[in-house]
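K.L.:
Take this structure, written in structure tokens, and hold onto it; I'll ask about it next.
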Amino acid sequence: MTIFHGIPPCSNVQDDRFTVGRKAIRDLATRFNTRPVLDQNLTREKFTDKTSTSSLIHIHSHIECDKNENDPLKRYYLSFGTAVQPWTLTPKDVLESIHFPAGSHITMVACDGAQFRIGPGDELLGIVPALLCAGASSVISTLWKTADNVGATFTNGFYEAFEADGGMVDVARAFQRAVISMDEGEREPLYNWAGFVLHGYWKFGRDGMEIGKRSRLAEVEVR
């Protein structure tokens, strides 16, 4: 498993706004018995290398929108790095340089991650369509801005349900259980739980990938 945790390059890694999300990443690393790497250690090269060999990927990061950019393949982008060495990952970057193993699943907890533009010929152009075109079979992301603690709550619930399945994981069912668990008392604002969406195929094969072992698991926490 590959897990990336990133914050806006201009932010302080000690910022309390990111504490809960970072803890969720550490807990996820413990759950899958893999070594976390946090924040500034995530480089473009590491992202490309790790995602090329991992079939289960989790991204807890930040997405920005350049409202002056007319190219839909550059308008929304993941933002990583530091103030000194920032780097971005646009849909165009994904299409040109990222290749996921067949059957991969990606969970992307990032504000507006599921936003897209409709291009000529009615093509959907955005980060999620690019991830699917690059080889992912399914992608979970968000339709609007998501607080760090809300993303952490979804992450915990999703992977708890994910692990409960056998060799063939029903991603849709794990997704459903995670969302329901976020509003068990039916009092949470819709904004907190309804923004998560699942795209693509709803099954994930875990054959040959044992939880708790590193045969096909690689986790990266952004430090």
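K.L.:
Tell me the relative contact order for the chain as a rounded percent, counting alpha carbon contacts under 8 Å between residues six or more apart.
P.N.:
Values: 487 pairs, mean separation 63.3, N = 223.
Relative contact order comes out at 28 percent.
K.L.:
Moving on. Considering only protein heavy atoms and a probe of 1.4 Å, how much of the accessible area of region 1-157 is carbon and sulfur, as a whole percent? Walk me through the numbers on the way to the answer.
P.N.:
Values: 3480 of 6900 Å².
Answer for region 1-157: carbon and sulfur cover 50 percent of the accessible area.
K.L.:
With log10 I(q)/I(0) by the Debye sum over Cα atoms at q = 0.07, 0.09, 0.18 Å⁻¹ as the read-out, I listed (1) -0.25, -0.41, -1.37; (2) -0.19, -0.32, -1.45; (3) -0.44, -0.55, -1.28; which label goes with the value calculated from this structure?
P.N.:
(2)
K.L.:
Which of the GluC sites (Glu not before Pro) across region 109-208 are loop residues per DSSP, with 15 or fewer other Cβ within 10 Å? Walk me through the numbers on the way to the answer.
P.N.:
Details: sites: E123, E160, E163, E184, E186; in loops: E123, E184, E186.
Qualifying residues, ordered by number: E123, E184, E186.
K.L.:
Over the chain, what is the percentage of antiparallel beta bridges among all DSSP beta bridges, to the nearest 5?
P.N.:
60
K.L.:
D for region 51-105, whole µm²/s, Stokes-Einstein with Kirkwood Rh over alpha-carbon pairs at 20 °C and 1.002 mPa s: what number? Could you put the intermediate results ahead of the total?
P.N.:
Numbers: Rh = 12.6 Å.
Calculated translational D: 170 µm²/s.
The values are calculated or read from the model by the stated rules, or taken from the named source; none is laboratory data. Note that the coordinates shown come from a computational prediction; the quantities given were computed from them, not determined experimentally. When we count neighbours, we look across all protein chains shown, and the Cβ atoms used for this are built from the backbone with ideal geometry, even at glycine. Surface accessibility is based on the protein's heavy atoms, side chains included, excluding ligands, DNA and RNA. Shrake-Rupley method; radii C 1.70, N 1.55, O 1.52, S 1.80 Å.
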